[in-house]
Amino acid sequence: EDFLQHHPNSPACDMALLTLGELQLRQHLTLSTGTATNTAATNLLQLAQTNFAALPERFPRSPLVGKAHLNRGWCLWLANNVAESAAAFAAAVGTLPPSFDQAVARLKLADTQHQLGQFNAALTNYETVIAQGAAQPQIKSNLCEAALYQVVLTSGELTNLPAADAAVKRLLEWFPESYVTESGLMIEGQVLARHGDPQAARRVFEDFLTRFPNSAREPQVRLAIGRTYELQREWPGAVQAYQSWLAKYGNDPERPRAEYALAYASYQAQNETNALEQFSRFLTQFPTNPLAPAMAILRRGR
C-alpha cells in the first residue's frame, strides 16, 4: 500500500496490485469462519477484488493480467456472484498461457457454467482439463479428481451416459481408492436407473460393492440394487433384495424405507398374506413416518 501510494507510476505497480490483492484475499480466508458474517473479512474480499480489477485497467499489457482475472474470479465466486465470476474466469482462460493456472481457471469456469445450467459448455471445459491432466502430472493430481466427478454430475444432467461412463472409468484408473470415485460410481448407477437402464445400473452398483467392500455406503448401494429390480418390475427379485437388506441392516436409519419397499414389492408380486403382514408391521412400528399414509392406503386396498 505504501509503495502504490508513493510510486503510482512505477513499472512495478502491476506486481504491487496483484500481491496486495492476494494478501487481502488470504486475510479474508483466514478471517472467514464457516457461514458466519464477518465485516472485516467481507471488506478485505472487496478490497482484493478492487485491486485485481484495477490491474488490467491500468496495465492492460502486463503479463500479470491473466492472474488478476483468475484471482478476481475467486473473489466473485466466494461472494456467490456466479455470473460475474464466470466472466472473470473466462477472461483468465483467454489471457493466461497454457499452464496450471489456466487449468484452474478453466475448471472454475466449468463450475460456474454448471451452476448456471450451461451444461454442454461445462462438460467441454471439464473434459479439456482432464485431457490436459493426462499429459501434465500437476494438473492430474490436483484438478482431475474434481473434474472427473463433475463430468459424472454434468453428464447426468445431459443424459450423456457414455461421457459419465468414461469419467467413472478414468476415476477408477487414476483415483481407485478415492471417496470421490465411490461417489462417482453411485451417481453413474443412479443416472442409469433414472434414464431407463436399471440392469446396467445394477451392474454398476454390484461393481461398487466389489471395489469398495468396506464402504460406509454399502447399505445405500444395496437398497439401490433393490430399486433396480423394482424399475424392471421384477418383483420377486426386489422382494429378495429387500429381505436380505433388512436381515443385514435392521438398525440402519433407512430401515423404514426398506420396510415400505419390501411391503410394496410383496404386494406387486401378489404375495398377499406377506404383504398384509408387512403393511401392518410398518404402520405399527413407524406410525409417524412420511410413508405411513401411502402404506395405509395400500393396506386398505388389500
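In the range 43-53, is there at least one residue being open to solvent by less than 60 Å² (accessible area, probe 1.4 Å), assigned to a helix (DSSP H, G or I) and either without any contact (Cβ under 8 Å) to a residue 12 or more places away in the chain or on the phi > 0 side of the Ramachandran plot (or both)?
no
Would you confirm whether or not the range 153-169 contains a residue that is in contact (Cβ under 8 Å) with a residue 24 or more places away in the chain, under 19 Å from Val93 (Cβ atoms) and either open to solvent by 40 Å² or more (accessible area, probe 1.4 Å) or not β-branched (Val, Ile, Thr) (or both)?
No, the range 153-169 has no match at all.
Only residues that are open to solvent by 60 Å² or more (accessible area, probe 1.4 Å) and closer than 20 Å to Ala258 by Cα: list them for the range 179-196, please.
Once the filter is applied, which keeps residues that are open to solvent by 60 Å² or more (accessible area, probe 1.4 Å) and closer than 20 Å to Ala258 by Cα, the range 179-196 yields Gln190, Arg194.
Could you please find all residues in the range 54-82 being outside any helix (DSSP H, G or I) and polar (S, T, N, Q)?
Of everything in the range 54-82, those that are outside any helix (DSSP H, G or I) and polar (S, T, N, Q) turn out to be Ser62, Asn80, Asn81.
Within the range 269-285, is even one residue out of contact with any Lys or Arg (no Cβ under 7 Å at 6 or more places or on another chain) and under 18 Å from Ile225 (Cβ atoms)?
Yes, the range 269-285 has at least one match.
Is the range 277-294 home to any residue that is part of a helix (DSSP H, G or I), more than 30 Å from Leu172 (Cβ to Cβ), charged (D, E, K, R) and modelled with pLDDT under 90?
Looking through the range 277-294, at least one residue is part of a helix (DSSP H, G or I), more than 30 Å from Leu172 (Cβ to Cβ), charged (D, E, K, R) and modelled with pLDDT under 90.
Counting just the residues of the range 197-225 that are free of Cβ contacts under 8 Å to residues at least 24 places away in the same chain and open to solvent by 40 Å² or more (accessible area, probe 1.4 Å), which one comes out nearest to Gly250 (Cα to Cα)?
Once the filter is applied, the top-ranked residue is Ala216.
Tell me which residues, restricted to the range 6-21, are assigned to a helix (DSSP H, G or I) and surrounded by fewer than 17 Cβ atoms within 10 Å (Cβ to Cβ).
Those that are assigned to a helix (DSSP H, G or I) and surrounded by fewer than 17 Cβ atoms within 10 Å (Cβ to Cβ): His6, Met15, Thr19.
Output the qualifying pairs, or none if there are none: Cβ atoms under 8 angstrom, residues six or more apart or on different chains, first residue in the range 264-291 and without any contact (Cβ under 8 Å) to a residue 24 or more places away in the chain and open to solvent by 60 Å² or more (accessible area, probe 1.4 Å), second residue outside any loop (DSSP other than H, G, I, E, B) and of a type in the set (D, E, K, R).
If the second residue must be outside any loop (DSSP other than H, G, I, E, B) and of a type in the set (D, E, K, R), the pairs left are Arg281/Glu259.
Looking only at residues in the range 226-237 that are farther than 16 Å from Arg203 by Cβ and not hydrophobic (A, V, I, L, M, F, W, C), which one is least open to solvent (accessible area, probe 1.4 Å)?
Result: Glu230.
Can you find a residue that is out of contact with any strand residue (DSSP E or B) (no Cβ under 9 Å at 6 or more places or on another chain), among the polar types (S, T, N, Q), modelled with pLDDT of 95 or more and in a helix (DSSP H, G or I) anywhere in the range 83-91?
Yes, the range 83-91 has at least one match.
Checking the condition surrounded by fewer than 22 Cβ atoms within 10 Å (Cβ to Cβ), closer than 27 Å to Leu45 by Cα and in contact (Cβ under 8 Å) with a residue 12 or more places away in the chain, which residue from Val93, Val82 passes?
Val82
I want to confirm something. Restricting to the range 96-120 and keeping residues that are open to solvent by 40 Å² or more (accessible area, probe 1.4 Å) and of a type in the set (A, V, I, L, M, F, W, C), which single residue is nearest to Gly156 (Cα to Cα)?
So, considering only residues that are open to solvent by 40 Å² or more (accessible area, probe 1.4 Å) and of a type in the set (A, V, I, L, M, F, W, C), the one nearest to Gly156 (Cα to Cα) is Phe119.
Take the range 193-205 and flag every residue that is farther than 19 Å from Trp235 by Cα and modelled with pLDDT of 90 or more.
Correct list: Val204 only.
Regarding Asn38, is this residue without any contact (Cβ under 8 Å) to a residue 12 or more places away in the chain and under 19 Å from Asn80 (Cα atoms)?
yes
Which of the residues spanning the range 23-42 are open to solvent by less than 50 Å² (accessible area, probe 1.4 Å) and either modelled with pLDDT of 95 or more or within 11 Å of Cys75 (Cα to Cα) (or both)?
Gln24, Leu25, His28
The values are calculated or read from the model by the stated rules, or taken from the named source; none is laboratory data. Since the structure is predicted, the reported quantities are computational estimates derived from the model, not experimental observations. Note that each Cβ is placed from the backbone with ideal geometry, even for glycine, and that neighbours are counted across all protein chains shown. All accessible areas refer to the heavy atoms of the entire protein, side chains included, with ligands and DNA or RNA removed. Shrake-Rupley method; radii C 1.70, N 1.55, O 1.52, S 1.80 Å.
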